[in-house]
Amino acid sequence: MVGADSLALIADDIRTCRACPLCESATQSVPGSGATDARLLIIGEAPGAHEDKAGMPFVGASGKVLDKLLHVAGVARSTVFIANVVKHRPPQNRDPLPAEVAACAQFLQRQIAVINPLLIVPLGRYAAARWIPGIKISSAHGIPQHVANYIVVPMLHPATALYQPRNMAVLEADFQALGVLYRTVLGDVAQ
Ligand code: URA
């Protein structure tokens, strides 16, 4: 089965999931979107209000920051896949509970298996902790690590630049370096 079909099936399973209470308070699920053959997978924490309304990840204020960062990296948003650890919005944007993260884990795992990216970029400590348990994102951001078959580059969450403007410079430097790494890795694969 081609990637797009498999991802659509996973999205259907997410839509009908009742494994945790978030589906009751959310408007709809936000399975993720982007290129089904993406080499770069970006993973946020959970949908916010705008994402809940649109059914799409990173379309609100954090999404605007992410768009700017992708521009800095020289990577078109249309070429990456963007998903979240948790697929329904937690009420009042509270942090997802461990049970909610656990209930959603199989979906992210299946998305990763289908997309099979070269690079995974978790945004913020919740997403990063999935690959690097106990990570201190304040010191580990931007540093590529080999985890399983992937190069994982943990980043500060783009939302941190909204309430702490100096984080924007940190994010821009990390995404610029990510762009260089991405093109190097793509070049290595093409040879
Ligand atoms: N923050 C996230 O972590 N994910 C989104 O989709 C939007 C904001």
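The values are calculated or read from the model by the stated rules, or taken from the named source; none is laboratory data. The shown structure was predicted, so the numbers you read here are calculated from the model rather than taken from an experiment. Cβ atoms come from the backbone with ideal geometry, glycine included; neighbour counts cover every protein chain shown. Heads up: the accessible areas ignore ligands, DNA and RNA and are worked out on the full protein's heavy atoms, side chains in. Shrake-Rupley method; radii C 1.70, N 1.55, O 1.52, S 1.80 Å.
Is one or more of the residues making up the range 129-140 in contact (Cβ under 8 Å) with a residue 24 or more places away in the chain, assigned to a loop (DSSP other than H, G, I, E, B) and either of a type in the set (Phe, Trp, Tyr) or closer than 19 Å to Ser62 by Cβ (or both)? Scanning the range 129-140, I find at least one residue that is in contact (Cβ under 8 Å) with a residue 24 or more places away in the chain, assigned to a loop (DSSP other than H, G, I, E, B) and either of a type in the set (Phe, Trp, Tyr) or closer than 19 Å to Ser62 by Cβ (or both), so the answer is yes.
In the range 35-44, is there at least one residue being touching a residue at least 40 places away in the same chain (Cβ under 8 Å) and among the basic types (Lys, Arg)? Yes, the range 35-44 has at least one match. For the range 8-30, which residues satisfy the criterion of being open to solvent by 30 Å² or more (accessible area, probe 1.4 Å) and of a type in the set (Gly, Ala, Ser)? Listed by number, the residues that qualify are Ala8, Ala19, Ser25. When the range 73-91 is limited to residues that are more than 18 Å from Ser29 (Cβ to Cβ) and not in a loop (DSSP other than H, G, I, E, B), the one that is nearest to the chain's Cα centre (by Cα) turns out to be Arg77. Selection of the range 163-172 for residues being under 19 Å from the mean Cα position of the chain (by Cα) and either closer than 14 Å to Val75 by Cα or of a type in the set (S, T, N, Q) (or both) yields Asn167, Glu172. Only one of the numbered conditions (1) under 17 Å from the mean Cα position of the chain (by Cα); (2) open to solvent by less than 70 Å² (accessible area, probe 1.4 Å) is violated by Pro133, and that is (2).
Ala46 passes every criterion in (1) in a loop (DSSP other than H, G, I, E, B); (2) open to solvent by less than 10 Å² (accessible area, probe 1.4 Å); (3) within 12 Å of the ligand (Cβ to nearest atom) apart from (2). Scan (1) open to solvent by 10 Å² or more (accessible area, probe 1.4 Å); (2) in contact with a Pro (Cβ under 9 Å, 6 or more places away or on another chain) for the single condition Ala38 breaks and write down its number. Of (1) open to solvent by 10 Å² or more (accessible area, probe 1.4 Å); (2) in contact with a Pro (Cβ under 9 Å, 6 or more places away or on another chain), only one is false for Ala38: (1). Looking across Lys87, Lys53, Lys64, one residue alone is closer than 25 Å to Ala113 by Cβ and either within 12 Å of the ligand (Cβ to nearest atom) or buried (at least 20 other Cβ atoms within 10 Å of the Cβ) (or both). It is Lys87.
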